[in-house]
Amino acid sequence: EVQLVESGGGLVQPGRSLKLSCAASGFTFSNYYMAWVRQAPKKGLEWVATISTSGSRTYYPDSVKGRFTISRDNAKSSLYLQMNSLKSEDTATYYCARHRGYPGYYFDYWGQGVMVTVSS
Amino acid sequence: DIQMTQSPASLSASLGETVSIECLASEGISNSLAWYQQKPGKSPQLLIYGASSLQDGVPSRFSGSGSGTQYSLKISGMQPEDEGVYYCQQGYKYPLTFGSGTKLEIK
């Protein structure tokens, strides 16, 4: 059974940093592109970052480019999101998601989500 | 960036009714479209990918169609468990973008 379990969320002040983690199991992690998708309270879904199987390619929307860094450790079947210079508009539930297929442009498995609140 | 416009924003349907949700892309996306269902307090679930392919385990009452810039999701025979918010997402190019969602309720 595919499982994605996020951790590392919490309350953080504007301008500070936070690192999210996602532990994957139930599939060969190194064979899949992985992503982070977020959802602000009572709002829709926003794709945040994608990383290739080896980690050599990463993709971001302009809203987080230069502030967020996605990375992975295939040996540990783990995905990460380093978030720097956090803003109030980054407040959201962050989901770890698996890209469907290879390279894949859709998300077929999602974690339960982890809440990040950016506030002073 | 490709903008995804969903309609309607909300709708209510009776049990057994057929429901359609539309998604319009700001440019052609060559059937690179997915539909997701999200129930309250839960993570999104992939329903349809490639505009019309049914994800494993998804009931056959869900179907997708469309081409170019216009796509739709159809639920043939509304069930109580189909309540939720539905999102479209284009997978044609980065940045990947979602529609704003359609809230579906039982009438």
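The values are calculated or read from the model by the stated rules, or taken from the named source; none is laboratory data. No experiment lies behind these values; they were computed from the predicted model shown. Positions of Cβ are generated from backbone atoms using ideal geometry, with glycine treated the same way; all protein chains shown enter the neighbour counts. These area figures cover heavy atoms from the full protein model, side chains too; ligands, DNA and RNA do not enter into them. Shrake-Rupley method; radii C 1.70, N 1.55, O 1.52, S 1.80 Å.
Structure above, values below:
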{"read-out": "Heavy-atom accessible surface that A and B bury in contact, both chains counted, 1.4 Å, Å² to 100", "value": "1700 Å²"}
{"read-out": "The stretch B:33-107: equivalent-ellipsoid semi-axes (sqrt of 5 x gyration tensor eigenvalues, Cα, Å)", "value": "20, 14, 11"}
{"read-out": "Spin-label proximity, A:Ser120 to the stretch A:91-109 - amide N less than 18 Å from point 7 Å beyond Cα toward beta carbon", "value": "A:91"}
{"read-out": "Note, ³J(HN,Hα) from phi for the stretch A:45-53, Karplus 6.51, -1.76, 1.60, rounded to Hz, x at Gly and Pro", "value": "8, 9, 5, 10, 6, 9, 10, 6, 4"}
{"read-out": "Whole-number Å³ per residue for the convex hull built on Cα positions in the stretch A:35-85", "value": "88 Å³"}
{"read-out": "Threshold 20 Å², the stretch B:25-44 residues less accessible with all protein chains present than alone (1.4 Å probe)", "value": "B:Tyr36, B:Gln38, B:Ser43, B:Pro44"}
{"read-out": "B:Gln79-A:Ser30 pseudo-label distance in nm [points 7 Å out on the Cα-to-Cβ vector]", "value": "4.0 nm"}
{"read-out": "Inter-probe distance in nm under a simple model that places probes 7 Å from Cα toward Cβ, at A:Ser71 and B:Tyr92", "value": "3.5 nm"}
{"read-out": "Between the stretch B:76-107 and the stretch A:53-117, the Cα center-to-center distance that results, in Å", "value": "21 Å"}
{"read-out": "Placed amide H near B:Thr97: partners under 5 Å, 5+ positions off or other chain", "value": "B:Gln90"}
{"read-out": "Geometric extent, Cα atoms of chain A - Rg, Dmax (angstrom)", "value": "13.4, 41"}
{"read-out": "Of all accessible heavy-atom area on the stretch A:1-101, the percent that carbon and sulfur account for (1.4 Å)", "value": "44 percent"}
{"read-out": "For the stretch B:1-77, the fraction of alpha-carbon pairs in successive 10 Å shells from zero, as %", "value": "18, 50, 29, 2"}
{"read-out": "Equivalent ellipsoid semi-axes, the protein assembly as shown, via Cα gyration tensor eigenvalues times 5, rooted, Å", "value": "29, 19, 17"}
{"read-out": "Threshold 30 Å², the stretch B:78-107 residues less accessible with all protein chains present than alone (1.4 Å probe)", "value": "B:Tyr87, B:Gly91, B:Tyr94, B:Pro95, B:Leu96, B:Phe98"}
{"read-out": "Per-residue ³J(HN,Hα) for the stretch A:108-118, Karplus 6.51 cos²θ - 1.76 cosθ + 1.60, θ = phi - 60°, Hz, x for Gly and Pro", "value": "9, 9, 10, x, 7, x, 9, 8, 10, 10, 10"}
{"read-out": "Relative contact order of chain B, defined on C-alpha pairs under 8 angstrom at six or more residues apart (%)", "value": "39 percent"}
